[in-house]
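The values are calculated or read from the model by the stated rules, or taken from the named source; none is laboratory data. What you see is a predicted model, and the numbers here were worked out from it, not measured in a lab. With ligands, DNA and RNA removed, areas are computed over all heavy atoms of the protein, side chains included. Shrake-Rupley method; radii C 1.70, N 1.55, O 1.52, S 1.80 Å.
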Amino acid sequence: NTIYGYNIDTLTIEQVNDIFQQDINKAEQVLIKNYGDKYNNLDDRRKQMLIDMQFNVRNFNKPNVFPKFKKALFAGDEEGMKKEYKRFYKDQKGKMKSLARNKDFADYFFN
């Protein structure tokens, strides 16, 4: 029951923050590995968008996951990014629903 050497049952706020930072760093390293200078040359805002998606979206590093969003982001296409960032899930009845996280993402990155 440990993560990064910390006992999960006795975590402090400092340890939780360190775990989060290490996870974010791992997400960024995946992006650097996958995109290299294409990622490194982005402005901080678009890097943060990609880190957010890499951290929060399962299999984001696969080419078929959010391909239009990635294409728009690397091209600097604001309208394309706004159109393609949304995440969905299936409810208990199998109906597709928009995640509340979409609003947070839009409020932070597009407003």
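For Arg101, the accessible area of its heavy atoms, probed at 1.4 Å with every protein chain present, is near 70 square angstrom.
Rounded to the nearest 500, the 222 nm mean residue ellipticity of the chain from helices alone is -18000 deg cm²/dmol, with -39,500 (n - 2.57) taken per DSSP H run of at least 4 residues. Under a Gaussian network description of the chain, with springs only between Cα atoms under 10 Å, the residue in Asp37, Asp91, Asp18 that fluctuates furthest is Asp91. Equivalent-ellipsoid semi-axes for the range 58-111 (Cα gyration tensor, √(5λ), whole Å, largest first): 21, 15, 8.
Figure the gain on full extension for Arg58 and Asn25 (residue separation times 0.36 nm, minus the Cα-Cα span) and round it to one decimal in nm. Show your work: numbers first, answer last.
On the way: separation 33, 0.36 × 33 = 11.88 nm, distance 1.64 nm.
Here the answer is 10.2 nm.
Phi angles of the range 78-84 translate, via the Karplus equation with coefficients 6.51, -1.76, 1.60 and θ = phi - 60°, into HN-Hα couplings of 4, 5, x, 4, 4, 6, 10 Hz per residue; Gly and Pro are given as x. Between helix 44-56 and the chain there is an angle of about 60 degrees, using the helix long axis and the longest principal axis of the Cα atoms. Report, to the nearest whole %, how much of the accessible area of the chain belongs to carbon and sulfur atoms, 1.4 Å probe, protein only. Carbon and sulfur together cover 49 percent of it.
Solvent exposure of the chain, expressed per residue, is 70 Å² of accessible area, with all protein chains present and a 1.4 angstrom probe. Mean projected area of the Cα convex hull of the range 25-64, taken over all directions, amounts to 2.6 nm². Against the criterion of solvent-accessible heavy-atom surface with a 1.4 angstrom probe, Phe74, Phe105 sort, most first, into Phe74, Phe105.
What does the C-alpha gyration tensor say about the overall shape of the chain? Classify as rounded when a/c is under 1.5, otherwise prolate if a/b is larger than b/c, or oblate. It is oblate, given that a/c is not under 1.5 and a/b is not larger than b/c.
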